[in-house]
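Data block below; observations after.
The values are calculated or read from the model by the stated rules, or taken from the named source; none is laboratory data. Since the structure is predicted, the reported quantities are computational estimates derived from the model, not experimental observations. Methodologically, a virtual Cβ is constructed for each residue, glycine included, from the backbone with ideal geometry; neighbour enumeration extends over all protein chains shown. All accessible areas refer to the heavy atoms of the entire protein, side chains included, with ligands and DNA or RNA removed. Shrake-Rupley method; radii C 1.70, N 1.55, O 1.52, S 1.80 Å.
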Amino acid sequence: KNQVEQSPQSLIILEGKNCTLQCNYTVSPFSNLRWYKQDTGRGPVSLTIMTFSENTKSNGRYTATLDADTKQSSLHITASQLSDSASYICVPPRDKLIFGTGTRLQVFP
Amino acid sequence: DVKVTQSSRYLVKRTGEKVFLECVQDMDHENMFWYRQDPGLGLRLIYFSYDVKMKEKGDIPEGYSVSREKKERFSLILESASTNQTSMYLCASSPVGYSDTQYFGPGTRLTVL
(Lines give C-alpha, C1' and ligand atoms only; values in the text may rest on other atoms or scores of the structure.)
Protein backbone atom coordinates (compact mmCIF):
# COMPACT_ATOMS: atom_id res chain seq x y z
CA LYS A 1 0.00 0.00 0.00
CA ASN A 2 1.33 3.42 -0.93
CA GLN A 3 2.31 5.48 2.07
CA VAL A 4 1.50 8.69 0.23
CA GLU A 5 -1.58 9.10 -1.93
CA GLN A 6 -2.03 12.20 -4.04
CA SER A 7 -5.17 13.15 -5.90
CA PRO A 8 -6.08 13.81 -8.54
CA GLN A 9 -3.34 12.22 -10.60
CA SER A 10 -3.79 14.88 -13.22
CA LEU A 11 -5.79 18.06 -13.54
CA ILE A 12 -6.53 20.48 -16.34
CA ILE A 13 -7.81 23.97 -15.57
CA LEU A 14 -8.16 27.28 -17.34
CA GLU A 15 -5.89 30.18 -16.56
CA GLY A 16 -7.24 32.31 -13.74
CA LYS A 17 -9.14 29.47 -12.06
CA ASN A 18 -8.41 28.07 -8.61
CA CYS A 19 -7.64 24.46 -7.81
CA THR A 20 -6.90 22.24 -4.83
CA LEU A 21 -4.56 19.26 -4.74
CA GLN A 22 -4.83 16.60 -2.06
CA CYS A 23 -2.29 14.52 -0.18
CA ASN A 24 -3.09 11.71 2.25
CA TYR A 25 -0.35 9.88 4.04
CA THR A 26 -0.14 6.95 6.41
CA VAL A 27 3.39 7.24 7.74
CA SER A 28 4.02 8.12 11.35
CA PRO A 29 4.87 11.79 11.61
CA PHE A 30 8.41 12.73 12.48
CA SER A 31 9.17 16.13 11.02
CA ASN A 32 7.82 18.68 8.59
CA LEU A 33 5.57 18.16 5.60
CA ARG A 34 6.73 19.58 2.31
CA TRP A 35 5.25 20.37 -1.05
CA TYR A 36 7.54 20.46 -4.07
CA LYS A 37 6.88 21.80 -7.56
CA GLN A 38 8.50 20.02 -10.47
CA ASP A 39 8.50 21.60 -13.91
CA THR A 40 8.72 19.22 -16.85
CA GLY A 41 12.29 18.08 -17.34
CA ARG A 42 13.50 19.75 -14.15
CA GLY A 43 14.27 18.75 -10.61
CA PRO A 44 11.70 19.44 -7.85
CA VAL A 45 11.81 22.76 -6.03
CA SER A 46 10.52 23.25 -2.50
CA LEU A 47 7.27 25.26 -2.33
CA THR A 48 6.24 25.12 1.30
CA ILE A 49 7.37 23.56 4.55
CA MET A 50 4.78 23.01 7.27
CA THR A 51 5.39 22.12 10.87
CA PHE A 52 2.82 20.36 13.01
CA SER A 53 1.90 23.59 14.72
CA GLU A 54 0.83 25.13 11.44
CA ASN A 55 -2.59 24.47 9.95
CA THR A 56 -2.15 26.81 7.02
CA LYS A 57 0.81 28.32 5.27
CA SER A 58 0.90 30.58 2.25
CA ASN A 59 3.55 31.25 -0.34
CA GLY A 60 2.15 33.81 -2.74
CA ARG A 61 -0.73 32.23 -4.63
CA TYR A 62 -0.02 28.84 -3.04
CA THR A 63 -1.67 27.93 0.25
CA ALA A 64 -0.98 24.64 1.97
CA THR A 65 -3.07 23.18 4.77
CA LEU A 66 -2.23 20.38 7.14
CA ASP A 67 -4.41 18.25 9.38
CA ALA A 68 -1.96 16.16 11.36
CA ASP A 69 -4.76 14.23 13.06
CA THR A 70 -6.24 12.90 9.83
CA LYS A 71 -2.85 12.91 8.05
CA GLN A 72 -4.13 15.03 5.21
CA SER A 73 -2.64 18.00 3.45
CA SER A 74 -3.86 20.12 0.58
CA LEU A 75 -2.29 22.65 -1.74
CA HIS A 76 -4.58 25.39 -3.01
CA ILE A 77 -3.55 27.47 -6.02
CA THR A 78 -5.33 30.75 -6.50
CA ALA A 79 -5.74 32.55 -9.82
CA SER A 80 -3.71 30.00 -11.71
CA GLN A 81 -1.14 31.05 -14.28
CA LEU A 82 0.35 29.21 -17.22
CA SER A 83 3.59 28.90 -15.25
CA ASP A 84 1.77 26.82 -12.64
CA SER A 85 1.74 23.93 -15.12
CA ALA A 86 3.90 21.36 -13.35
CA SER A 87 3.78 18.33 -11.11
CA TYR A 88 3.19 18.96 -7.44
CA ILE A 89 4.69 16.46 -5.06
CA CYS A 90 3.79 15.95 -1.42
CA VAL A 91 6.49 14.77 0.97
CA PRO A 92 5.00 13.76 4.32
CA PRO A 93 6.82 14.12 7.59
CA ARG A 94 9.03 11.22 8.37
CA ASP A 95 12.65 10.48 9.19
CA LYS A 96 13.12 9.08 5.72
CA LEU A 97 11.69 11.08 2.86
CA ILE A 98 8.90 9.45 0.91
CA PHE A 99 7.83 11.30 -2.19
CA GLY A 100 4.29 11.07 -3.47
CA THR A 101 3.76 10.33 -7.14
CA GLY A 102 2.50 13.85 -7.63
CA THR A 103 -0.40 15.62 -9.30
CA ARG A 104 0.21 16.74 -12.85
CA LEU A 105 -1.41 20.17 -13.31
CA GLN A 106 -1.90 21.70 -16.72
CA VAL A 107 -3.11 25.27 -17.03
CA PHE A 108 -4.47 26.32 -20.40
CA PRO A 109 -5.11 29.87 -21.62
CA ASP B 1 21.18 30.39 -4.25
CA VAL B 2 22.01 26.75 -3.87
CA LYS B 3 23.16 25.24 -7.09
CA VAL B 4 23.22 21.55 -7.84
CA THR B 5 24.55 20.60 -11.23
CA GLN B 6 24.55 17.28 -13.03
CA SER B 7 27.07 16.39 -15.68
CA SER B 8 24.62 15.56 -18.46
CA ARG B 9 20.99 16.36 -19.22
CA TYR B 10 20.65 13.48 -21.67
CA LEU B 11 22.68 10.32 -21.98
CA VAL B 12 22.35 7.29 -24.24
CA LYS B 13 24.30 4.15 -23.42
CA ARG B 14 24.34 0.53 -24.52
CA THR B 15 23.53 -2.49 -22.40
CA GLY B 16 26.54 -3.63 -20.44
CA GLU B 17 28.36 -0.30 -20.49
CA LYS B 18 29.65 1.27 -17.29
CA VAL B 19 27.94 4.60 -16.73
CA PHE B 20 29.01 7.49 -14.53
CA LEU B 21 26.61 10.22 -13.47
CA GLU B 22 28.21 13.18 -11.75
CA CYS B 23 26.64 15.66 -9.36
CA VAL B 24 28.19 18.77 -7.85
CA GLN B 25 26.74 21.13 -5.22
CA ASP B 26 28.17 24.50 -4.27
CA MET B 27 26.66 25.07 -0.81
CA ASP B 28 28.86 22.93 1.38
CA HIS B 29 25.95 20.62 2.19
CA GLU B 30 26.65 17.54 4.26
CA ASN B 31 24.10 15.29 2.60
CA MET B 32 23.77 14.26 -0.99
CA PHE B 33 21.27 11.93 -2.62
CA TRP B 34 20.64 10.05 -5.81
CA TYR B 35 17.09 9.29 -6.92
CA ARG B 36 15.47 7.83 -9.96
CA GLN B 37 12.09 8.93 -11.18
CA ASP B 38 9.85 6.84 -13.40
CA PRO B 39 6.35 7.57 -14.72
CA GLY B 40 3.67 6.72 -12.17
CA LEU B 41 6.21 6.24 -9.40
CA GLY B 42 7.46 8.77 -6.91
CA LEU B 43 11.11 9.58 -6.55
CA ARG B 44 12.89 6.53 -5.27
CA LEU B 45 16.08 6.80 -3.30
CA ILE B 46 19.03 4.85 -4.67
CA TYR B 47 21.83 5.95 -2.34
CA PHE B 48 22.66 8.81 -0.08
CA SER B 49 25.82 10.12 1.52
CA TYR B 50 26.03 12.02 4.80
CA ASP B 51 29.74 12.74 4.65
CA VAL B 52 32.79 12.27 2.48
CA LYS B 53 33.39 8.59 1.82
CA MET B 54 30.24 7.71 3.76
CA LYS B 55 27.23 6.22 2.05
CA GLU B 56 24.05 4.35 2.80
CA LYS B 57 21.79 2.31 0.60
CA GLY B 58 18.41 3.67 -0.22
CA ASP B 59 15.36 1.75 -1.35
CA ILE B 60 16.65 0.51 -4.70
CA PRO B 61 20.47 0.21 -4.64
CA GLU B 62 20.74 -2.94 -6.74
CA GLY B 63 22.79 -2.41 -9.86
CA TYR B 64 24.20 0.90 -8.63
CA SER B 65 27.17 2.10 -6.63
CA VAL B 66 28.27 5.55 -5.53
CA SER B 67 31.39 7.49 -4.76
CA ARG B 68 31.94 10.57 -2.67
CA GLU B 69 35.60 11.51 -2.55
CA LYS B 70 34.97 15.23 -2.05
CA LYS B 71 32.21 16.95 -0.13
CA GLU B 72 30.82 18.78 -3.14
CA ARG B 73 30.76 15.83 -5.54
CA PHE B 74 28.63 12.69 -5.51
CA SER B 75 28.82 10.17 -8.33
CA LEU B 76 26.39 7.45 -9.28
CA ILE B 77 27.82 4.45 -11.11
CA LEU B 78 25.94 1.87 -13.11
CA GLU B 79 28.38 -1.00 -13.20
CA SER B 80 26.75 -2.73 -16.17
CA ALA B 81 23.85 -0.75 -17.57
CA SER B 82 20.63 -2.57 -18.33
CA THR B 83 17.52 -1.46 -20.17
CA ASN B 84 15.51 -1.37 -16.92
CA GLN B 85 17.81 1.38 -15.73
CA THR B 86 16.45 3.72 -18.37
CA SER B 87 15.09 6.53 -16.24
CA MET B 88 15.40 10.11 -15.06
CA TYR B 89 18.13 10.40 -12.43
CA LEU B 90 17.99 13.24 -9.96
CA CYS B 91 20.70 14.33 -7.59
CA ALA B 92 19.93 16.39 -4.48
CA SER B 93 21.72 17.89 -1.52
CA SER B 94 20.58 19.09 1.89
CA PRO B 95 22.29 21.00 4.68
CA VAL B 96 21.77 18.75 7.65
CA GLY B 97 19.32 15.93 8.07
CA TYR B 98 17.54 13.38 5.98
CA SER B 99 14.28 15.24 6.38
CA ASP B 100 15.67 18.67 5.67
CA THR B 101 14.70 20.50 2.50
CA GLN B 102 16.50 19.00 -0.45
CA TYR B 103 17.82 20.98 -3.38
CA PHE B 104 17.67 19.15 -6.66
CA GLY B 105 19.72 19.21 -9.80
CA PRO B 106 18.07 19.41 -13.23
CA GLY B 107 18.20 15.66 -13.75
CA THR B 108 19.83 13.33 -16.25
CA ARG B 109 17.61 11.39 -18.59
CA LEU B 110 19.42 8.13 -19.22
CA THR B 111 18.42 5.80 -22.01
CA VAL B 112 19.97 2.34 -22.13
CA LEU B 113 19.63 0.60 -25.49
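Just a few scattered comments:
- Sorting the segments B:77-88, A:6-17 by their mean number of nearby beta carbons within 10 angstrom, highest to lowest, gives B:77-88, A:6-17.
- Cα-only radius of gyration and Dmax that characterise chain B, units Å: 13.0, 38
- Number of partner chain Cβ atoms within 10 Å, mean per residue of B:36-42: 4
- Surface composition of the protein assembly as shown: carbon plus sulfur atoms contribute 49% of the solvent-accessible area (1.4 Å probe, protein chains only, all chains present).
- The residue among A:102, A:81, B:6 whose Cα reaches farthest toward the positive pole of the charge dipole of the protein assembly as shown, with charges on the beta-carbon of Lys, Arg, Asp and Glu, is B:6.
- 10 Å Cβ neighbours from other chains, averaged over peptide A:100-107: 2
- Counting Cβ atoms of other protein chains within 10 Å of each Cβ in A:37-46 and taking the mean gives 5.
- Chain A, accessible area per residue, ligands and nucleic acids excluded (1.4 Å, Å²): 49 Å²
- Electrostatic dipole magnitude of the range B:7-113 [Cβ: Lys, Arg +1; Asp, Glu -1; Cα centre; debye, to 20]: 360 debye
- Probing with 1.4 Å while keeping every protein chain in the model, the per residue accessible area of chain B equals 48 Å².
- Rounded to whole Å, sorted largest first: equivalent-ellipsoid semi-axes of chain A, Cα gyration tensor: 23, 14, 12
- Over chain A, relative contact order from alpha-carbon pairs under 8 Å, at least 6 apart, %: 38 percent
- For the protein assembly as shown, taking a cut-off of 4.7 Å between Cβ atoms, the unpaired cysteines are A:19.
- Taken about its Cα centre, chain A carries a charge dipole of about 180 debye when Lys and Arg each add +1 at the Cβ and Asp and Glu each add -1 at the Cβ.
- Efficiency of FRET between residue A:7 and residue B:53 - r from beta-carbon atoms, R0 45 angstrom, step 0.05: 0.60
- Reach of residue B:55 by Cα under 25 Å, taken over lysines that are not fewer than 8 positions away in the same chain: A:96, B:3, B:18, B:70, B:71
- Chain pair B, A: total accessible area buried, heavy atoms, 1.4 Å probe, Å²: 1400 Å²
- Cα Rg, Dmax (largest Cα-Cα span) when computed across the protein assembly as shown, Å: 17.5, 51
- For chain B, averaging the sequence separation of C-alpha pairs within contact (under 8 Å, six or more residues apart) and dividing by the residue count gives a relative contact order of 36 percent.
- Residues considered: B:58, B:16, B:42. Largest GNM mean-square fluctuation over chain B, using C-alpha springs under 10 Å, is found at B:42.
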